[in-house]
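To start, the structure under review is shown below, and the notes come after it.
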Amino acid sequence: MKIKQTAVAGHFYTSDREELKKNLNSYIENFQKECEYTSRAIIVPHAGHEYSGKLAAKGYQYLSKKLETVFIFAPAHRYAVNTIAVSSYDAFATPFGNINVNKEYTKEIKKIGAELIDEAFLIEHSIEVQLPFIKYFMPNTAIVPILIGGANYQIITDIISKYWENDKIGFVISSDLSHFRNKMEAQRIDHATADMIENNIYENIIPEQACGYVGISAIVNFAKTKGYSLIRLGLTDSSEKTGEQSSVVGYGSWFLAEKEKGTFIAENYSKILKDLCIVSIKSQLENLTLKVENYPVALETRMAAFVTLEIGGNLRGCIGSIIAVEPLIVDVCKNARNAAFKDPRFIPVEKKELEKLEITVSLLSAPTAYNFKTEEELLEQMNAGIDGVIIKDVGRQAVYLPEVWTQNPDKKEFLNSLKQKAGLQPNWFSDTFEAYHFKTNIVK
């Protein structure tokens, strides 16, 4: 049996079995899953465990423990690989014992273009640091270790797509984020990378953003193709351990949710979103500084939202954002306050009304332009009862959420009303008229 021995044990993580077990337990002892979800794919960092082990452990807590095989996609740091590389090893050693390699899948990957390069794995840390987590949390799971060199992300996406149909197979994307920038610059880059990952923007992720950028682009591409989303578990950097901020390495962790982002957040964080609205309004009424603590990291994703307030079924305020420019948690808190106190159609909400408020949070998808030349073509494309609609022309703009269709079910009347809201005549139309549609997920 050909076994790949450890190369960075004692350096990137302890080689002592009991100490390693203690460390892994410490990473998760104070960790509570922010939602009850089990995933088959995660993005996790591969630095030394003392720097990024806690964040990596969060990712592994969401990875299904029922998986029989885990593909590990990791960048080749130490050896020049033209495309992707696999090995001839039967197993990889860890302080917890050997992890078997699924040789059947390795052979299949080799047939579609992977190079067989054992040397590429000899001192490579990007795969090895993941193995203690896998062996400890999933002791009977086999692996398919794959090192990425000059491959295009589509190759990795195709592999993920090929094996996704088997629900006993999972995927680990091993990658750190920005390297050796000052802390402020690193945070700027890493938040931009997180934004791209969470909004399924994969084409322009570059090496300066992540050493495993090809694997990240691949899983984001896969998510977009399937209508899935990547949910943030955390962002950090090496300065949290060293205190040195002049040159840091960034780390991030995400899990793949088999749902569109807005749907997933609405289903899993509805109570928290409602509570955020109440706390925001109450703090304003009591003239207190708003403090939000212990919220799910997933709500740091950039997303637009509307907050609608009603009392007894009657509108009491509605304010929101059309374009996602801030973290969702910020957007919801701000719009809740604005709906309560700055909607020009109503007097500010009073303290005695607080317990009567009915709160609805609408999470907006990114707007998509209708393609039309005439108003008739626009009306034909509008999906009554489904589309939220935005119109723009001559410096005017207005938006209706999908819920407005219940009041104006006729497309022509709906559009005319929206024009009037924008300050335009109902019969207004021009060559510069723009219209966009979006979907909402509702939290009541």
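Every number here is computed from the coordinates shown, using simple stated rules; none is lab data. Keep in mind that what you see is a predicted model, and the values were worked out from it rather than measured. In this analysis, Cβ positions are derived from the backbone assuming ideal geometry, glycine residues included, and neighbour counts consider all displayed protein chains.
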Item to check | Given charges at Cβ of Lys, Arg, Asp, Glu: the chain dipole, positive-most of ILE390, TYR105, ILE143 | outcome: ILE143
Item to check | Global size of segment 254-334 as Cα Rg and Dmax, reported in angstrom | outcome: 13.5, 42
Checklist entry - Which whole-Hz ³J(HN,Hα) couplings does segment 123-129 yield from phi under the Karplus relation 6.51 cos²θ - 1.76 cosθ + 1.60, θ = phi - 60°, glycine and proline marked x? => result 10, 7, 8, 5, 8, 4, 5
Checklist outcome for this item: To the nearest 20 debye, segment 129-222 has a Cα-centred charge dipole, built from +1 on Lys and Arg Cβ and -1 on Asp and Glu Cβ, of 320
Item to check | Loop-located trypsin sites (Lys or Arg not before Pro) in segment 265-342, at most 10 other Cβ atoms within 10 Å (DSSP) | outcome: LYS291
Next on the checklist: Place a point 7 Å from the Cα of LYS356 along the Cα-to-Cβ direction; which residues of segment 304-340 have their backbone N under 17 Å from it?
Outcome noted: 309-318, 340
Checklist outcome for this item: Long-range amide H partners of GLY234, meaning residues 5 or more apart or on another chain whose placed amide H is closer than 5 Å, are SER253
Item to check | Mean-position separation - Cα centroids, segment 333-373 and segment 232-299, in angstrom | outcome: 21
Checklist outcome for this item: Per the charge dipole of segment 368-443 (beta-carbon charges, Lys/Arg positive, Asp/Glu negative, Cα centre), the residue among THR432, PRO402, ILE442 reaching farthest to the positive end is ILE442
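For segment 368-443, give the magnitude of the charge dipole about the Cα centre (Cβ charges: +1 Lys/Arg, -1 Asp/Glu; no others), in debye to the nearest 20.
Values: 8 positive and 11 negative charges, 50 e Å.
So the dipole magnitude of segment 368-443 works out to roughly 240 debye.
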Item to check | Relative contact order computed over segment 326-410 (Cα-Cα under 8 Å; 6+ residues apart), in percent | outcome: 15
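Check each of the GluC sites (Glu not before Pro) in segment 149-229 and keep only those in coil by DSSP with at most 10 other C-beta atoms within 10 angstrom; list them in order. Walk me through the numbers on the way to the answer.
On the way: sites: GLU165, GLU185, GLU198, GLU203, GLU208; in loops: GLU165, GLU203, GLU208.
Listed in order of number, the matching sites are GLU165, GLU203.
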Checklist entry - So, with +1 on the Cβ of K and R and -1 on the Cβ of D and E, and no other charges, what is the size of the charge dipole of the chain about its Cα centre, to the nearest 20 debye? => result 580
Checklist entry - Toward the positive end of the charge dipole of segment 266-364, about the Cα centre and with charges on Cβ (Lys, Arg +1; Asp, Glu -1), which of ASN338, ILE322, ILE272 goes farthest? => result ASN338
Item to check | Ascending count of other beta-carbon atoms within 10 Å, so fewest first, for CYS35, CYS277, CYS318 | outcome: CYS35, CYS318, CYS277
